[in-house]
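**Student:** Please see the structure below; I have some questions.
Readers should treat all values here as calculations from the given coordinates under stated rules, not as data from a laboratory. Since this is a predicted model, take the numbers as computed values, not measurements. Every residue, glycine among them, receives a Cβ derived from its backbone with ideal geometry; neighbour counts consider all protein chains shown.
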Amino acid sequence: MEEGTPWRNLGVIGLRLVDLAARYALVFALTWAAVAGSLPDGISLGEDARDWLGFFTLIGVPSVLISFLYGLANTRTGAAFRGPLAALLLLPLWFLLFFPPILLIPVIGQLVFALCVVRAPFLGPSRLRRRARAALAAVARVAGTRTVTPPRPGRR
């Protein structure tokens with residue numbers, strides 16, 4: 001298989017999906033722990049695991065899918081990526097409009113995830129790797145060396 005084939009990127013896409021889901025699960029757990037802690041005594045969202053699974057099914061799964069599809073479709077970075085994603089992640093919270101006492105904390109959780117936690121760009125190299133490459137190129141330029149690309153096997 002050649003390097004440019006789409007099959008080569010499936011592993012990267014799968015890893016990014018797992019990374020996205022793990023990051024979202026952490027933010028989701030912290031958000032709903034804050035919701036449970038902010039409710040007055042005598043009111044609970046349910047102690048049963050099925051209740052929490054219901055919230056994750058109604059909010060978490062659509063949020064991960066929205067983030068994943070939006071991340072695959074965009075190559076933008078910074079606010080151009082995060083702003084529209086933040087707006088899109090408010091859509092799964094529509095049914096919480098009927099429960100105003102708990103609406104604010106999940107909205108804040110979704111915004112924190114979109115604005116601070118999710119990778120941007122989704123498929124691009126990490127910021128640390130880009131900075132390391134730029135620093136290495138600067139050091140090579142200062143040292144007066146040139147980078148030489150080795151010839152590909154089978155071509156002359």
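**Student:** For a Förster distance of 22 Å, can you work out the FRET efficiency between the beta-carbons of residue 53 and residue 117, rounded to the nearest 0.05? Working shown, then result.
**Tutor:** On the way: r = 22 Å, r/R0 = 1.00.
So, using R0 = 22 Å, E works out to roughly 0.50.
**Student:** Working out 0.36 nm times the residue gap between residue 139 and residue 38, then minus their Cα-Cα distance, what length gain in nm do you get to one decimal? Provide the component values of the computation, followed by the final result.
**Tutor:** Values: separation 101, 0.36 × 101 = 36.36 nm, distance 5.24 nm.
Roughly 31.1 nm would be gained on extension.
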